[in-house]
Amino acid sequence: MTDAPLKLFNSLTRKLEEFRPVHAGEARVYTCGPTVYNYPHIGNMRAYVFADVLGRTLSWKGYKLTHVINITDVGHLTDDADSGEDKLEKIAAEKAQSIWDIARHYTEAYWADVKALNIREPAKWSVATDYIDEMIEFAKGIAAKHCYELDSGLYFDVSTVDDYGRLARAVTEEGEARIETVEGKRNAADFAIWRKTPPGEKRQMEWDSPWGKGAPGWHLECSVMGEALLGFPFDIHTGGIDHREIHHPNEIAQNQAHCCTDGLDVAENSGARVWMHNNFLVERSGKMSKSSGEFLRLQLLIDKGYHPLAYRMMCLQAHYRSELEFSWEGLQAALTRLKRMAMRIELLRSGSKPSDAPDTAHLKLMEGFDAALSDDLNTPEALTVFEWILAFKSKDQGAKLAAISRLDSVLGLNLLTLTRTDLRIRPKSAIITEDEIEAALARRREARAAKDFATSDAIRDELTAKGVEVMDGDPLGWEWKLQ
Ligand code: AMP
Ligand code: ZN
């Protein structure tokens, strides 16, 4: 198999660039992780499926991957710029609970989604509050040249670095209007790197610093953990497109100040060579918002009976830089596609074991898959090639299974273990268990075999009354589904 060069879209240069690692043979990736004040919605999880596919692709290409995802448990305000309250302080006050308990609960919920979506564990989950000393050191290093103090905290003066906002390219009036003014700020885009606890108040999370008791700004934590764990410059920094507007430009400005290498003409000066952003998952009726009652969590999809990997499939069907609209019909279509694959592979597995390696014919076909991935992670195209490979007529089933196993190391759909039964729609609210359905269907088969159609129909009616649709002759082999 010949390898295509890996090309990735760099948001900083707005160009497709061939990936050239900073350290030969290695790839170091930092992904902005969740703010653990609530459950992640499925849009958030799209960001981690994207980062996972990136990591898996780098491994597929033979790089030794070091991936870091952070957990933000302090500093993220209710507004991405500098207004509002700390998201965790706010929810802790509302629930009269400790921030630490809240952070632990939502971190675990996030990890459960990570596991369900078959997102690989990064080398490190870095927790912001574990790096407070390093953040204070970083801030001390840039304070004199790049910051100024106000009553509310230590602020970064964005006019002290070259080309501020180049990543966003959006220093528009509209962009500026979104940033609420804090009295005394020199430039609208200046941001707090340390927020002082107001006099007379006590926060649950506060630390001593040269600027008084307080807490770090959100942007500071990613700069600090990126450097501490991956070293500057590292290869790739990822996040959702909203981060391209405020969070990442601010991280870049801090990194420029810290590295004392101001000019952005050399991309390394921004801390990471390549900045990549996934587009949003959108949902027209607004259920994605965490403030709405029943928002779209992965668990909701599972409760409605969908296997979580159907959602992973849905993400892979779109290019990460395209907006993806969520709909239940779209999820159903992704599930059906996944089921077709799983059924085909189950059949192959029933006849053979995977060989140690694919044969030449399959390796040749896999070049198309590699070319699609190498073209800025074109997963929709890679899935199409994958289906050609599945359909390719070959006597060597073991070689085909070996190819599938390699291709699935990137797709992450568990295709060598997933079964048709795993993908059956099973809503939590069902009033009948699967065992009961299977037993009724077995009785029905017996009745039909004995040409006792009255009993067969009665069993069918009984099942219908309990919300089970019997699907005789379904082309995909579904025997039943719950309404
Ligand atoms: P947060 O927990 O709000 O910091 O967000 C976690 C990640 O999800 C970030 O990378 C965001 O950019 C990303 N994100 C937020 N909303 C969406 C969405 N609707 N679709 C895709 N990514 C999103
Ligand atoms: Zn971040």
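Taken together, the values in this text are just the output of simple stated rules run on the coordinates, not laboratory data. None of the values given here were measured: they were computed from a predicted structure. Glycine gets a Cβ as well: all are built from the backbone with ideal geometry, and neighbour counts include every protein chain shown.
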Cα centroid separation, region 179-247 to region 453-483 (Å) = 58
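What's the extension gain from Lys353 to Arg420 if we count 0.36 nm per residue and subtract their Cα-Cα distance?
Numbers: separation 67, 0.36 × 67 = 24.12 nm, distance 1.86 nm.
Using 0.36 nm per residue and subtracting the Cα-Cα distance, I get 22.3 nm.
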Rounded tilt (10° steps) of 434-449 against the dominant C-alpha axis of the chain = 20
Tell me, in nm to one decimal, what length is gained between Gln97 and Lys140 on full extension, where the rule is 0.36 nm per residue of separation less the Cα-Cα distance?
-> 12.2 nm
List every residue whose amide H lies under 5 Å from the amide H of Gly240, counting only residues 5 or more places away in sequence or on a different chain, with H placed 1.01 Å from N in the peptide plane.
-> Asn278
Set the Förster distance to 35 Å, then compute FRET efficiency between Arg443 and Met343 from the Cβ-Cβ distance, nearest 0.05.
-> 0.85
Overall dimensions of region 358-443 as given by Cα atoms, namely Rg and Dmax in Å = 17.8, 53
In degrees rounded to 10, the 0-90 angle between helix 453-465 Cα long axis and the longest Cα principal axis of the chain is 20
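Could you list, in their original order, any pairs among Lys7/Lys64; Lys304/Lys339; Lys87/Lys140 whose Cα atoms are separated by more than 20 Å? Each step should come with its number before you reach the end.
Working: Lys7/Lys64 17 Å; Lys304/Lys339 17 Å; Lys87/Lys140 25 Å.
The answer is Lys87/Lys140.
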Separation of region 283-360 and region 92-164 by C-alpha centroid, Å?
-> 31
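Could you compute the FRET efficiency for Glu26 and Ala361, with r as their C-beta to C-beta distance and R0 at 35 Å, rounded to 0.05? Kindly include the intermediate steps, with their values, before the conclusion.
Numbers: r = 33 Å, r/R0 = 0.94.
Efficiency for this residue pair is about 0.60.
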What number, rounded to the nearest 500 deg cm²/dmol, is the helix-based mean residue ellipticity at 222 nm of the chain, given -39500 (n - 2.57) per DSSP H run of at least four residues and division by all its residues?
-> -13500 deg cm²/dmol
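Provide the gained length on full extension for the span Glu18 to Asp163, in nm with one decimal, where the gain is 0.36 nm per separating residue minus the Cα-Cα distance. Don't skip to the end; give the middle numbers.
On the way: separation 145, 0.36 × 145 = 52.20 nm, distance 2.39 nm.
My answer for the length gained is 49.8 nm.
How do the peptides 195-205, 28-38 rank, highest first, by the average count of neighbouring beta carbon atoms within 10 Å per residue? Show your work: numbers first, answer last.
Values: 195-205: 14.5, 28-38: 24.5.
With the highest mean Cβ count within 10 Å placed first, the list reads 28-38, 195-205.
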Per principal axis, descending, Cα span of region 27-119 in whole Å | 48, 29, 21
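Beyond 23 Å between alpha-carbons counts as too far, so tell me which of Lys353/Lys395; Lys115/Lys428; Lys364/Lys395 fall in that bin.
On the way: Lys353/Lys395 13 Å; Lys115/Lys428 20 Å; Lys364/Lys395 16 Å.
Correct reply: none exceed it.
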Which distance in nm do the two modelled labels at Glu479 and Ser429 give, with both placed 7 Å along the Cα-to-Cβ direction?
-> 2.6
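Order 208-219, 406-417 from most to least packed using the mean count of other Cβ atoms within 10 Å.
Numbers: 208-219: 20.4, 406-417: 18.9.
Going by the mean number of other Cβ atoms within 10 Å, highest first, we get 208-219, 406-417.
Taking every pair of alpha-carbon atoms in region 304-411, give the share separated by more than 20 Å as a whole percent.
Values: 2435 of 5778 pairs.
It works out to 42 percent of all Cα pairs.
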Does anyone have the angle between helix 328-351 and the longest principal axis of the chain? Alpha-carbon axes, 0 to 90°, nearest 10?
-> 60
Size-normalised alpha-carbon gyration radius of the chain, reference 2.2 N^0.38 Å = 1.12
